[in-house]
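Student: Before anything else, here's the structure in question.
The values are calculated or read from the model by the stated rules, or taken from the named source; none is laboratory data. Since we're looking at a predicted model, the values are computed, not measured. Don't worry about glycine lacking a Cβ; one is built from the backbone with ideal geometry, like all the others, and counts go over all protein chains shown.
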Amino acid sequence: MAEKVLVTGGAGYIGSHTVLELLEAGYLPVVIDNFCNAIRGEGSMPESLRRVQELTGRSVEFEEMDILDQAALQRLFKKHSFMAVIHFAGLKAVGESVQKPLDYYRVNLTGTIQLLETMRAHGVKNLVFSSSATVYGNPQYLPLDEAHPTGGCTNPYGKSKFFIEEMIRDLCQADKAWNAVLLRYFNPIGAHASGCIGEDPQGIPNNLMPYVSQVAIGRREALNVFGNDYDTEDGTGVRDYIHVVDLAKGHIAALRKLKEQCGCRIYNLGTGTGYSVLQMVQAMEKASGKKVKISGAGRSRTLQALARRPETFPCRGPGKERETTACSPASGRNPGVSEALLPQTPAGPAQPTRHEAKGPSDLESGVSNSSLSESRNPSGSPRTRWGGKALKQNTLLPGANLYCY
């Protein structure tokens, strides 16, 4: 019998791709979302999930719900018998968190506490948590690995993720029946190969690739590049970017890890390879056939308020201490950039992803390398691992978040 998995915040960018992968893997996802970051489709179903149903030919059970509504959570858990919970729900914009810290602590911390309390009350003690590499703060060394100290966060968003991680770790330590996988995302971009679901922000994008895409198709005049004097090859900031489909597959691998009674495990979700802003722009120009106008605006006060970040944050690649890697990203011809264009078209995806930002390589392995390496290009050919020379080989790259790492 198929196992039920609760997905909180499952109608957004990463959530909807993960729901699709859950269906393909044979799980029965039950999704809750408050439409903070999703577009309402026909009836009560988010448009992104309606499209997931069309793509998979399978149904998704959905309930409109806020994780701050504990009574509603109790009713939900009485109705269903969940094998595990994948927890995406929360506020996700670094810049906004600086302006509205209490909102972030109330929603992210209180909402998670109420979810954990409800899970405990109903004997559901398997959790996959959507964390972020922002928990590392300003790096003490590079590349980042999961052993890097955390807690030196530079904004309330990152702090809320760090506090939640600490709560979950303490819970697993106090009650050995709990199993949790904490996934620290780097920079997800791209879209499903169909183009039916993806990232199409309503308003000014917080993330790099949606903004670049909108400039490429003429929806915006130019891309403002904040900083061209970093110690990098072209002077612009370098980030580690992961294709959203690979990121979603990481959650399926994490569910399998939970079944091993793993306790609390932590994984970076990234590729181990960094690309600069200008490299990403050049890849978009090649994919779109359009010139992307760049305005050298200098560093904004907003970015200065968030604290200047070091120029590069690639996560650690496979090493001898790690027999397998939880994330085996894609690409012989990586479709991340070209797919980023699809959500911007009239038939593009249906969630606004107003703040979507986030991102496991693993220290103790345990998540099979093959679990993520099976993602494919639209042509059906397997993607192969890509590296720092991809642009010189005319390879399209995956994209990135502008304000999150």
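Student: Applying the selection to segment 138-163, what residues are within 22 Å of residue 241 (Cβ to Cβ) and surrounded by fewer than 19 Cβ atoms within 10 Å (Cβ to Cβ)?
Tutor: 138, 139, 141, 142, 154 - these are the residues of segment 138-163 that are within 22 Å of residue 241 (Cβ to Cβ) and surrounded by fewer than 19 Cβ atoms within 10 Å (Cβ to Cβ).
Student: Which one of 128, 85, 135 is more than 20 Å from residue 188 (Cβ to Cβ) and buried (at least 19 other Cβ atoms within 10 Å of the Cβ)?
Tutor: 85
Student: Within segment 15-32, is there a residue that is farther than 23 Å from residue 179 by Cβ, of a type outside the set (Gly, Ala, Ser) and outside any helix (DSSP H, G or I)?
Tutor: The answer is no; no qualifying residue exists.
Student: Limited to segment 42-55, what total is found for residues that are surrounded by fewer than 16 Cβ atoms within 10 Å (Cβ to Cβ) and part of a loop (DSSP other than H, G, I, E, B)?
Tutor: So the count comes out to 3.
Student: Looking at segment 22-77, which of its residues are small (Gly, Ala, Ser), in contact with a strand residue (DSSP E or B) (Cβ under 7 Å, 6 or more places away or on another chain) and closer than 15 Å to residue 7 by Cα?
Tutor: Selection gives 38 alone.
Student: Being at pLDDT 95 or above and over 22 Å from residue 90 (Cα atoms): is that true of residue 43 here?
Tutor: Judged against the criteria, residue 43 is not a match.
Student: Same structure, new question: Can you work out which of the residues in segment 119-145 that are more than 21 Å from the chain's Cα centre (by Cα) and modelled with pLDDT of 95 or more is farthest from residue 18 (Cα to Cα)?
Tutor: 121
Student: Can you report the number of residues in segment 162-220 which are among the charged types (D, E, K, R) and in contact with a His (Cβ under 7 Å, 6 or more places away or on another chain)?
Tutor: Qualifying residue count for the region: 0.
One line per residue, one yes/no per condition, for (1) crowded, with 21+ Cβ neighbours inside 10 Å; (2) under 30 Å from residue 145 (Cα atoms); (3) of a type in the set (A, V, I, L, M):
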{"site": "185", "(1), (2), (3)": "yes, yes, no"}
{"site": "190", "(1), (2), (3)": "yes, yes, no"}
{"site": "198", "(1), (2), (3)": "yes, yes, no"}
{"site": "203", "(1), (2), (3)": "no, no, no"}
{"site": "207", "(1), (2), (3)": "yes, yes, no"}
{"site": "219", "(1), (2), (3)": "no, no, no"}
{"site": "230", "(1), (2), (3)": "no, yes, no"}
{"site": "237", "(1), (2), (3)": "yes, yes, no"}
{"site": "246", "(1), (2), (3)": "yes, yes, no"}
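Student: Any chance you could count how many residues in segment 134-163 are in a helix (DSSP H, G or I), touching a strand residue (DSSP E or B) at 6+ places or on another chain (Cβ under 7 Å) and of a type in the set (A, V, I, L, M, F, W, C)?
Tutor: Counting residues in segment 134-163 that are in a helix (DSSP H, G or I), touching a strand residue (DSSP E or B) at 6+ places or on another chain (Cβ under 7 Å) and of a type in the set (A, V, I, L, M, F, W, C) gives 1.
Student: If you check residue 2 against the conditions, is it touching a helix residue (DSSP H, G or I) at 6+ places or on another chain (Cβ under 8 Å) and not in a helix (DSSP H, G or I)?
Tutor: For residue 2, the condition - touching a helix residue (DSSP H, G or I) at 6+ places or on another chain (Cβ under 8 Å) and not in a helix (DSSP H, G or I) - is not met.
Student: Does segment 251-296 hold any residues that are over 11 Å from residue 179 (Cα atoms) and part of a loop (DSSP other than H, G, I, E, B), and which are they?
Tutor: 270, 271, 272, 273, 289, 290, 291, 292, 293, 296
Student: Okay, next question. If you check 49, 28, 22, 73, which single one turns out to be at pLDDT 95 or above and under 18 Å from residue 122 (Cα atoms)?
Tutor: Answer to the check: 73.
Student: Would you tally the residues in segment 56-86 being among the charged types (D, E, K, R), part of a loop (DSSP other than H, G, I, E, B) and within 24 Å of the chain's Cα centre (by Cα)?
Tutor: The qualifying residues number 2.
Student: To continue, here is another question. Hey, can you tell me all the residues within segment 164-183 that are crowded, with 17+ Cβ neighbours inside 10 Å and in a helix (DSSP H, G or I)?
Tutor: 164, 165, 168, 171, 172
Student: For residue 131, all conditions in the list (1) out of contact with any Leu (no Cβ under 8 Å at 6 or more places or on another chain); (2) assigned to a strand (DSSP E or B) hold save one; what is the number of the exception?
Tutor: (1)
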